[in-house]
Structure formats: structure tokens, C-alpha cells
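Engineer: Below: one structure in C-alpha cells.
We did not get these values from a lab; they are worked out from the coordinates using the rules stated. The model shown is predicted, which means the values in this text are computed figures rather than measured ones. Glycine gets a Cβ as well: all are built from the backbone with ideal geometry, and neighbour counts include every protein chain shown.
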Amino acid sequence: MPNPSTTNLLLNLEFEPALEALGEGFYDPVVAAEFPHHVLRFRNDDVLGQMGLDAQQVSDIDFIEAYGQFQSREPLLALCYHGYQFGDYNPRLGDGRGFLYGQVRGTDGELYDLGTKGSGTTPYSRGADGRLTLKGGVREVLAAEALHHLGVRTSRCLSLIETGESLWRGDEPSPTRSSVMVRFSRSHIRFGTFERLLALQRPDLIQRLLDHVIEYYYPHLWQQPGAYARFYEELVQRTAELVAQWMSVGFCHAVLNTDNMSITGESFDYGPYAFIQTFDPNFTAAYFDHFRRYSYGNQPTLCHWNLEMLQRPLVSVIPQADLDAGLEQFKLHYYSAYRQRMLRKLGFEPTDTAEAEDLLVQTLDFLQRSQVGYHEFFTELRLQFQDTWRVDPGHIFSESALLNPPQWQAQLEQWRQLYQRLLQQYPETEMAAIGQRLQQHNPLTVITRPQIEAIWEPIVAEDDWHPFYDLLQELRQP
Ligand code: AMP
Ligand code: MG
């Protein structure tokens, strides 16, 4: 192994062996693949800041030494987990193409994982190559950055390095280019990490893992009466809020198996995801999801189901009645968070009035029936909004070509009346704040599939990465 460069700050980070301290039953030490070539395609200076590093002092070569060559860092731990995949229990899982590189304290005092994707085979690779395609890496970088800037609780990508191999995939024109990614996340402990311990019939380890999770990720509950039950209650709330965040921004994760559900309620692992183009609850992002299990509209139900499955291992420590009481709250938390976010997209501060509720229902109904672009609708609202809408509903969307089709005019007319009534509940002086809220909660750029394909084409054709960097820049606009 090469000597650690003393000037590479990434190699001199202070790591905390929190997960390693759990003991051998939770992971396998592995070695990283050696790649023929390394080209840094993405570095997240924002995340460097969160790790307490000055981006100016970290070179691209530093990134390659640390997160492409994995110099002078051990142990690298492939984490063990099982999970329900598309409804069936799968005990043959675990980190098959990644490992926990290390855990670091953020400047916010929280513990974070640096985890890899595409770093080589492990005992859990099941005959697969342990690699990540470059396109898969680019897609995960985009998803994480987009979601983060849309206010979704998500992991981030710290780096993406192209690694110079040719990969064969059924779902990409092959051979296709390879990459290795480093993910920055609150934790890689999954629902499936607990599920595995039930399958192994190790209630002692379930308790140990639960103590660990509360100590590091729910420390405010630690040593309080009923800490275990309150942990589950809070996980239910965090998960419900996360789904509400996805739904409001029109995000379909696509593979909500329990090995892709984080115990911290954070969103991660972006494979065949998609942002919806129109409001269609049946929209399904993964071509292999034949029964539309993880369709856009099913996400709340399936995350509820995942939380219910998690009760099976937890019941060895937490009374069933407490688990039931915790899960009961899911719908309430979900709807209250969803409503709040959708009302903000419509320009309003969350209110409980029947009219606000009615506006939300009518908006979704209109979007579903008309199949007008989901994001275009809210962008149009943002761009066209004027104070005069409060006085005359005829002005609402009067300039919009998007909303012109004659067949929707009757329904749109009703919507206009309702929107105006809500505006009138606010004094004229509030109109500027409504305009600002519309800007804040409705992005001008959304990475729908055509957007992603449009930046991928020049990469394939001419190795031109400018459109990718430009898109990242756009996603970061407030
Ligand atoms: P995912 O659908 O990405 O959440 O992956 C599900 C499981 O398959 C995990 O255990 C992964 O580590 C494993 N896996 C996915 N792709 C590969 C690959 N190319 N090589 C090895 N394991 C993989
Ligand atoms: Mg996964």
C-alpha cells in the first residue's frame, strides 16, 4: 500500500469506529478493487465543508487517492443485511458492491458515514461484478443533489470517479463505462440490518443494535423512560415525513425494499428512480417492477408496510402494543407533512381551513385529469403570479399557453375561483410573500428523465461534461 500523503487532508480525517465497535457479527472486512484508471468527475465541496474541510485545500488528486485508490484506510467493512425485496424476504443480501469506508463527525456534531458504491466485489456480490456504471453514478449524484436542494432529507454524493473499465448491463447500451462513488449519509444501517438479526435468531444483537442506533442517531431519547418505543415512534414520523417530501416534489424512488430504508429516516440509494412528469399515481420507475409495487402513488403505503415488517425484529425488545401505537401515527404525520408542503407550493402558509383542503384536492384532481406537466404547472404558477390575481380571478393563468387546452377550461375556471378565494383570505400586503413562497418551493429545473438523457448524450458522444456541471449548478439555485 502506498504511503499516506501527509498533505492529503482526506487521508488524515479523524475516523470514529462506531459501527466497527458493534463487533464482528455486523460486517466483513474487504479490500477495494484496483482500477486501471481514475478521472474525477464530481466532487462535492459543499459536503467537504460539512466535514470541516476547506475545499481550497483539497485537490482532485487528493480525492483520487482517497476515494478511487482507497489509500491507507482500513478496515473497509462490507455491511451485513437482509431485506424484503418486492415483498419477498431475501437473506442473500449485504453490501455487494460497496463498503463502509469510515465514519466522521460533521461540523454539526452528527456522525456521518462515508460509504462506497462500485468499489469491487465482496462476500455478498452473488456472482455480480461489484461495479457501478458511470451513468448509474451520474444519476445518483443528480438525484441526491436535486433532492437535497428541494428540501428532502437525503444522503449526498461526496465524489464520483470514473474508473476506466468496461461493464456489461442489460439496461444500458453495453459495454458501458464504470465508476466508483462515495456517499455521505447519516447511516447505512437499514431496516434490513435488523431483519437479518431476527433471521439469525439473535435478540441479543437486536438489542445491541438498537442501543447503538439510539445512542448515535436518536441521542435525545437516550436514557429517557420508554426510549425504545419512542425511537420507533420517531422513526415512523421521520419516514412519513420523508415520503411526504418525495411525493410533493414528484419523486418516485422505485426500489423501496427494506434494505433501501435507512434507520435514520433518510433517503438514499438512487437506482432506477424518476421524477414524475405528470401527476399519475400509477407511474412506476423501475422497468422490472411488474406489479407496480413501488409506483409513485404507492410510496406511502409501501413505506408503512416496511415499518410494519420492521416490527418483527423489534418486538423482541419493544412491546407490540407500543409498536402498534407508533405505527398508527404514520398517516397523520404523512398527511400533515404532505399538506404543508403542497400548500407552500401553491404559495400559502399551512392552514387548516376547509378551503385550503379543497384547493389541494382540486389541484391534484386537475393535474391528474388534465395530465398537464406536474412541474410545469407549479413553475407556471411561480412565473405568472401577480398581485392582481387577488382582485380578479380572470387574471389567473390568463397568459398561460400551458393551461389553454379548451377541454380543461371548466375545471380550471373552478380552480381559479377557489385560488382567488384563498388569496382573499390574506391582506394585499401579503401578496409579495406569496410570490416569494412560490419561488422558494417551485424549482425552475427538475431532473426528469429527458433532462438526464440530455446531459448523458454529450458525455457518451464527445465526453462533454459541461451540460452535467451546468445542470448541477441550476439545481443549486435557491
Ligand atoms: P440495490 O438494488 O442497488 O439496492 O442492490 C440490491 C443488492 O444487490 C445489494 O445487496 C447490492 O449490494 C447488490 N448489488 C447490486 N448490484 C450489484 C453488482 N453490480 N455487483 C454486486 N452486487 C450488487
Ligand atoms: Mg441498495
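Engineer: Sort out for me the Cα centre separation of segment 415-459 from segment 96-127, rounded to whole Å.
Structural biologist: 36
Engineer: Leaving out same-chain residues fewer than 8 places away, which lysines sit with a Cα under 23 Å from that of K117?
Structural biologist: Once the sequence-local lysines are set aside, what remains near K117 is K135.
Engineer: Follow-up. Would you please put 67-80, 347-360 in order of how densely packed they are, using the mean number of other Cβ atoms within 10 angstrom per residue and starting with the highest? List each step's numbers first, then the result.
Structural biologist: Details: 67-80: 20.4, 347-360: 15.4.
Going by the mean number of other Cβ atoms within 10 Å, highest first, we get 67-80, 347-360.
Engineer: Further, regarding this structure: Taking the Cα atoms only, what angle lies between the long axis of helix 330-345 and the longest principal axis of the chain, rounded to 10 degrees?
Structural biologist: Helix 330-345 and the main axis of the chain meet at about 60 degrees.
Engineer: Quick check: Cα centre of segment 349-368 to Cα centre of segment 1-61, how many Å?
Structural biologist: 47
Engineer: Continuing with the same structure: Can you tell me, using C-alpha contacts under 8 Å and at least 6 residues apart, the relative contact order of segment 265-401 as a whole percent? List each step's numbers first, then the result.
Structural biologist: Values: 86 pairs, mean separation 32.3, N = 137.
Relative contact order, segment 265-401: 24 percent.
Engineer: Loop only per DSSP, at most 15 neighbouring Cβ atoms within 10 Å: give me the trypsin sites (Lys or Arg not before Pro) in segment 169-234, ordered by residue number. Can you show the working numbers first?
Structural biologist: Details: sites: R169, R177, R183, R186, R190, R196, R208, R230; in loops: R169, R186.
Answer by residue number: R169.
Engineer: Rounded to the nearest 20 debye, what is the charge dipole size of segment 223-340 about its Cα centre when +1 sits on each Lys and Arg Cβ and -1 on each Asp and Glu Cβ?
Structural biologist: Values: 7 positive and 12 negative charges, 36 e Å.
Computed about the Cα centre, the dipole is about 180 debye.
Engineer: Among S400, A433, Q386, whose Cα lies farthest out toward the positive end of the dipole of segment 348-441, if unit charges sit on the beta carbon of Lys, Arg (+1) and Asp, Glu (-1)?
Structural biologist: S400
Engineer: With the crude spin-label approximation of a point 7 Å out along Cα→Cβ, what separation in nm comes out for D464 versus R208?
Structural biologist: 5.6
Engineer: Taking every pair of Cα atoms in segment 4-188, average 1/r, invert it to obtain the Kirkwood radius, and report Rg/Rh to two decimals.
Structural biologist: Numbers: Rg = 16.0 Å, Rh = 16.9 Å.
When Rh is taken as the Kirkwood radius, the ratio is 0.95.
Engineer: Might you report the magnitude of the Cβ-based charge dipole of segment 4-188 about its Cα centre, with Lys and Arg at +1 and Asp and Glu at -1, to the nearest 20 debye? It would help to have the intermediate numbers written out before the result.
Structural biologist: On the way: 17 positive and 25 negative charges, 118 e Å.
The dipole of segment 4-188 has a size of about 560 debye.
Engineer: On to the next question. Return the aspartates and glutamates within reach of K331: Cα separation strictly under 17 angstrom, same-chain partners fewer than 8 residues apart disregarded; answer none if there are no such residues.
Structural biologist: Partners within reach: E233, E234, E241, E308, D322, D352, E357.
Engineer: Right, next: Determine the sum of side-chain charges near L383: Lys and Arg each +1, Asp and Glu each -1, restricted to other residues whose C-beta is under 11 angstrom from that of L383.
Structural biologist: On the way: positive: R382; negative: E376, E380, E399.
Cβ neighbours under 11 Å give a net charge of -2.
Engineer: Here's something else I'd like to know. Sorted by average packing, counted as other Cβ atoms within 10 angstrom per residue and highest first, what order do 221-227, 90-96 take? Each step should come with its number before you reach the end.
Structural biologist: Working: 221-227: 12.1, 90-96: 18.3.
Descending mean neighbour count gives 90-96, 221-227.
Engineer: Can you compute the helix-only [θ] at 222 nm over the chain? Use -39500 (n - 2.57) per DSSP H run of at least 4 residues, normalise by all residues, nearest 500 deg cm²/dmol.
Structural biologist: Mean residue ellipticity, 222 nm, calculated: -13000 deg cm²/dmol.
Engineer: Between segment 143-177 and segment 208-246, what's the alpha-carbon centroid distance in Å?
Structural biologist: 29
Engineer: For segment 262-323, what relative contact order do you get, as a whole percent, if you take Cα pairs closer than 8 Å and at least 6 residues apart?
Structural biologist: Working: 35 pairs, mean separation 12.1, N = 62.
In percent, rounded to a whole number, it is 20.
Engineer: Separate question: Pick out, from V104, G87, Q71, the residue whose Cα sits farthest towards the positive end of the charge dipole of segment 1-129, with +1 on the Cβ of Lys and Arg and -1 on the Cβ of Asp and Glu.
Structural biologist: Sorting the options by dipole projection puts first G87.
Engineer: Could you sort the peptides 414-422, 106-114 by per-residue average Cβ neighbour count (10 Å cutoff), highest mean leading?
Structural biologist: On the way: 414-422: 17.7, 106-114: 16.0.
Those peptides, ordered most packed to least, come out 414-422, 106-114.
Engineer: Could you give the nm distance between label points at D45 and S166, where each point is 7 Å from its Cα heading toward the beta carbon?
Structural biologist: In this crude label model, D45 to S166 measures out at 3.7 nm.
Engineer: Continuing with the same structure: First select every other residue whose beta carbon is under 13 angstrom from the beta carbon of Q201; then total the charges, Lys and Arg +1, Asp and Glu -1.
Structural biologist: +1
Engineer: Sticking with this structure for a sec: What percent of all Cα-Cα pairs in segment 223-340 falls into each 10 Å bin, going from 0 up to the bin containing the maximum distance?
Structural biologist: All Cα pairs, binned at 10 Å, distribute as 14, 45, 30, 10, 1 percent.
Engineer: About the Cα centre of segment 339-420, what is the dipole size in debye to 20, counting +1 per Lys and Arg Cβ and -1 per Asp and Glu Cβ, all else neutral? Before the final figure, lay out the partial values.
Structural biologist: Values: 8 positive and 12 negative charges, 50 e Å.
Rounded to the nearest 20 debye, it is 240 debye.
Engineer: When only Cα pairs under 8 Å and 6 or more residues apart are kept, what is the percent relative contact order across the chain? Write out the running numbers ahead of the final one.
Structural biologist: Details: 833 pairs, mean separation 60.9, N = 478.
That works out to 13 percent.
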